[in-house]
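Asker: For reference, the structure I am asking about is given below.
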Amino acid sequence: MRRGLLGGTFDPPHLAHLIAGEAAYRALALDEVTFIPAGAPWQKADREVSDAEDRWEMARRAVAGVEYFRADDREVRRDGWSYTIDTIAEFAQDEIVLIMGADAAAGLPAWHRAEEVMTRASVAVMPRPGVDRGAVEATGASVHWLDVVPLAVSGTLLRARCRAGLSIRFYVPEPVHRYVIDRGLYGHQA
Ligand code: ATP
């Protein structure tokens, strides 16, 4: 099967994640897009991230109802840092397309066992405001650019909005919005 893997912190999952998954599904004729919250995201080692169980629950809720989207908890259950190469190895029977934002793609050469990652998988990239395409092209990786509207939304921005008492409704799928409110994540107001 042709499987898209969209990994991330998902703190919280938001519209850009879903739009990237949808665009890759359509453009690259994928059979499924698997959203994988990182248990211990090494790229975010310098900051606090929300509890992995909350991020997993939000990822699950974000994709519910889309038959070709699935959330997978293997990185949340795995001990140690969450490395994409380990996850790719677990999908040995599949053709893998990694789906990511331009910021993540620009950092690809620094990933754990980057050469193996790029040998084993192809890469689909969603443009991201503030990230120059040249930064991705400079890595030398051959990537497929997804044709989507660039969205200046991020987990950081949404957490800050909550802390400031601003709504994140419609920036995240409604079941995620409800979960954030019910669990009191990110501050008083969501
Ligand atoms: P944070 O601000 O908490 O670091 P984030 O939304 O940037 O959060 P993740 O949840 O880790 O980050 O994102 C998962 C993947 O989705 C990454 O590959 C990231 O580049 C991509 N992504 C997230 N938001 C966007 C966006 N607005 N445009 C393009 N790609 C995005």
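The values are calculated or read from the model by the stated rules, or taken from the named source; none is laboratory data. Treat the numbers as computed from the prediction; the structure is a model and nothing was measured. Methodologically, a virtual Cβ is constructed for each residue, glycine included, from the backbone with ideal geometry; neighbour enumeration extends over all protein chains shown.
Asker: Restricting attention to the stretch 56-91, which residues are of a type in the set (Lys, Arg), within 15 Å of the chain's Cα centre (by Cα) and under 20 Å from His112 (Cβ atoms)? Walk me through how you get there before you give the answer.
Answerer: As a first pass, look at the stretch 56-91 and keep what is of a type in the set (Lys, Arg): 60-61, 70, 74, 77-78.
Imposing the further condition that a residue be within 15 Å of the chain's Cα centre (by Cα) reduces the set to 60-61, 70, 74.
Of everything in the stretch 56-91, just one residue is of a type in the set (Lys, Arg), within 15 Å of the chain's Cα centre (by Cα) and under 20 Å from His112 (Cβ atoms), namely Arg74.
Asker: Let me ask something else. If you scan the stretch 52-91, which residues turn out to be among the aliphatic types (A, V, I, L, M) and more than 26 Å from Arg26 (Cβ to Cβ)?
Answerer: Residues satisfying the conditions are Ala52, Val76, Ile85, Ala89.
Asker: Also, I was wondering about something else. Within the stretch 126-162, can you find the residues that are part of a strand (DSSP E or B) and touching a residue at least 60 places away in the same chain (Cβ under 8 Å)? Give the steps one after another, and end with the answer.
Answerer: Let us first name the residues in the stretch 126-162 that are part of a strand (DSSP E or B), namely 126, 143-145.
Correct list: Met126, His144.
Asker: Just one of the numbered conditions (1) under 27 Å from Ala106 (Cα atoms); (2) touching a His at 6+ places or on another chain (Cβ under 7 Å) is not true of Ala141; which one?
Answerer: Failed condition: (2).
Asker: Okay, next question. Kindly indicate which of Ala164, Ala160, Ala152 is within 12 Å of the ligand (Cβ to nearest atom) and over 21 Å from Ala20 (Cβ atoms). Walk me through how you get there before you give the answer.
Answerer: Values: Ala164 fails: within 12 Å of the ligand (Cβ to nearest atom); Ala152 fails: over 21 Å from Ala20 (Cβ atoms).
Criteria check complete, one pass: Ala160.
Asker: Within the set of pairs 6 or more residues apart or between chains, which connect a residue that is part of a helix (DSSP H, G or I) inside the stretch 163-177 to a residue that is modelled with pLDDT of 95 or more and aliphatic (A, V, I, L, M) with Cβ atoms less than 6 Å apart?
Answerer: Val176/Met58; Val176/Ala62
Asker: Right, something else. For the stretch 58-73, give me each residue that is of a type in the set (Val, Ile, Thr) and surrounded by fewer than 20 Cβ atoms within 10 Å (Cβ to Cβ).
Answerer: Filtering the stretch 58-73 for residues of a type in the set (Val, Ile, Thr) gives 63, 66.
Hit for the stretch 58-73 is Val66, nothing else.
Asker: For the condition of a type in the set (Asp, Glu), within 20 Å of Gly107 (Cα to Cα), within 13 Å of the ligand (Cβ to nearest atom) and surrounded by fewer than 22 Cβ atoms within 10 Å (Cβ to Cβ), what is the one hit in Asp11, Asp46?
Answerer: Working: Asp11 fails: surrounded by fewer than 22 Cβ atoms within 10 Å (Cβ to Cβ).
Being of a type in the set (Asp, Glu), within 20 Å of Gly107 (Cα to Cα), within 13 Å of the ligand (Cβ to nearest atom) and surrounded by fewer than 22 Cβ atoms within 10 Å (Cβ to Cβ) holds for just one of Asp11, Asp46, which is Asp46.
Asker: Next up: Here is a check on your reading of the model: is Arg77 basic (Lys, Arg) and in contact with a Gly (Cβ under 6 Å, 6 or more places away or on another chain)? Walk me through it before giving the result.
Answerer: On the way: basic (Lys, Arg): yes; in contact with a Gly (Cβ under 6 Å, 6 or more places away or on another chain): no.
When the stated conditions are applied, Arg77 does not pass them.
Asker: Give the residues of the stretch 74-93 that are buried (at least 17 other Cβ atoms within 10 Å of the Cβ) and in contact with a strand residue (DSSP E or B) (Cβ under 8 Å, 6 or more places away or on another chain), sorted by residue number. So that I can check it myself, show each step before the final result.
Answerer: Going through the stretch 74-93, the residues buried (at least 17 other Cβ atoms within 10 Å of the Cβ) turn out to be 75-76, 82-84, 87-88, 91.
Those that are buried (at least 17 other Cβ atoms within 10 Å of the Cβ) and in contact with a strand residue (DSSP E or B) (Cβ under 8 Å, 6 or more places away or on another chain): Glu75, Val76, Ser82, Thr84, Thr87, Ile88, Phe91.
Asker: Of all the residues that make up the stretch 8-42, how many are in a strand (DSSP E or B) and either polar (S, T, N, Q) or closer than 16 Å to Arg128 by Cα (or both)? Full working, then the answer.
Answerer: First, the residues of the stretch 8-42 that are in a strand (DSSP E or B): 8, 32-37.
Next cut, either polar (S, T, N, Q) or closer than 16 Å to Arg128 by Cα (or both) only: 8, 34.
Residues flagged as in a strand (DSSP E or B) and either polar (S, T, N, Q) or closer than 16 Å to Arg128 by Cα (or both) within the stretch 8-42 amount to 2.
Asker: Only one residue in Arg55, Arg70, Arg3, Arg61 is near the ligand (Cβ under 10 Å from one of its atoms), charged (D, E, K, R) and modelled with pLDDT of 95 or more, so which one is that?
Answerer: Details: Arg70 fails: near the ligand (Cβ under 10 Å from one of its atoms); Arg3 fails: near the ligand (Cβ under 10 Å from one of its atoms); Arg61 fails: near the ligand (Cβ under 10 Å from one of its atoms).
Just one listed residue meets the conditions, Arg55.
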